[in-house]
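J.: My questions all concern the structure below.
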């Protein structure tokens, strides 16, 4: 991340914006269950809010420094921090009731890698589990803000097709000042869309 972007994402104002405006809208009617996987928490702006809604939260952060800071911050709580990639999760299948990806998908450098991450999340969700998240809509201003950063925005229309193709069902996308989404792992294998 460039300096300005890192400062914004770690600011109390950004955390307040996420917690007051984005998270409630994205979670809305979703049942998070007891165990939630958060992918790409960065500085943890969503983590604090999410952890109060589940018994156990496991966050996977690719950046070693950010993961270390989060591990220190959440030591002795219901949050476990793992340093690693969301595209290659080190959990058995059917491990989590829910998963969350907030304002991080546009930092994943390619559509193929985004799809790999989404596929891994689907694998580790329990049957009927839900992925919830939000991301920014593509814009010239956002592209400029990410100067020197990875910026691979998510297009809502193609994102819906990608989620369906990967096997998610009961998908809801909301588009206003940003993109919110929820998508479920089929409760049984017969509920999935065919991937061929």
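J.: Name the single residue that is surrounded by the most Cβ atoms within 10 Å (Cβ to Cβ) among those in the stretch 161-180 being farther than 18 Å from residue 128 by Cα and at pLDDT 95 or above.
T.: The extreme case among them is 162.
J.: Let me ask something else. Within the stretch 124-142, is even one residue over 20 Å from residue 23 (Cβ atoms), modelled with pLDDT of 95 or more and not in a strand (DSSP E or B)?
T.: yes
J.: Something else about it: Output the number of the condition that residue 106 fails; it satisfies all remaining conditions of (1) touching a residue at least 40 places away in the same chain (Cβ under 8 Å); (2) touching a helix residue (DSSP H, G or I) at 6+ places or on another chain (Cβ under 9 Å); (3) assigned to a strand (DSSP E or B).
T.: Just one mismatch for residue 106, condition (3).
J.: For the stretch 45-62, which residues satisfy the criterion of being within 22 Å of residue 122 (Cα to Cα), in a loop (DSSP other than H, G, I, E, B) and free of Cβ contacts under 8 Å to residues at least 40 places away in the same chain?
T.: 53, 55, 62
J.: Given the structure, is residue 69 closer than 18 Å to residue 154 by Cβ, surrounded by 14 or more Cβ atoms within 10 Å (Cβ to Cβ) and touching a residue at least 24 places away in the same chain (Cβ under 8 Å)? Spell out the reasoning first.
T.: Numbers: closer than 18 Å to residue 154 by Cβ: no; surrounded by 14 or more Cβ atoms within 10 Å (Cβ to Cβ): yes; touching a residue at least 24 places away in the same chain (Cβ under 8 Å): yes.
The answer is no for residue 69.
J.: To continue, here is another question. Residues in the stretch 27-42: is at least one in a helix (DSSP H, G or I), buried (at least 18 other Cβ atoms within 10 Å of the Cβ), modelled with pLDDT under 95 and within 15 Å of the chain's Cα centre (by Cα)?
T.: Within the stretch 27-42 (the criterion being in a helix (DSSP H, G or I), buried (at least 18 other Cβ atoms within 10 Å of the Cβ), modelled with pLDDT under 95 and within 15 Å of the chain's Cα centre (by Cα)), the answer is yes, since at least one residue qualifies.
The values are calculated or read from the model by the stated rules, or taken from the named source; none is laboratory data. This one's a predicted model, so the numbers in the text were calculated from it and none came from an experiment. Cβ sites come from the backbone with ideal geometry, for glycine too, and all protein chains shown count toward neighbours.
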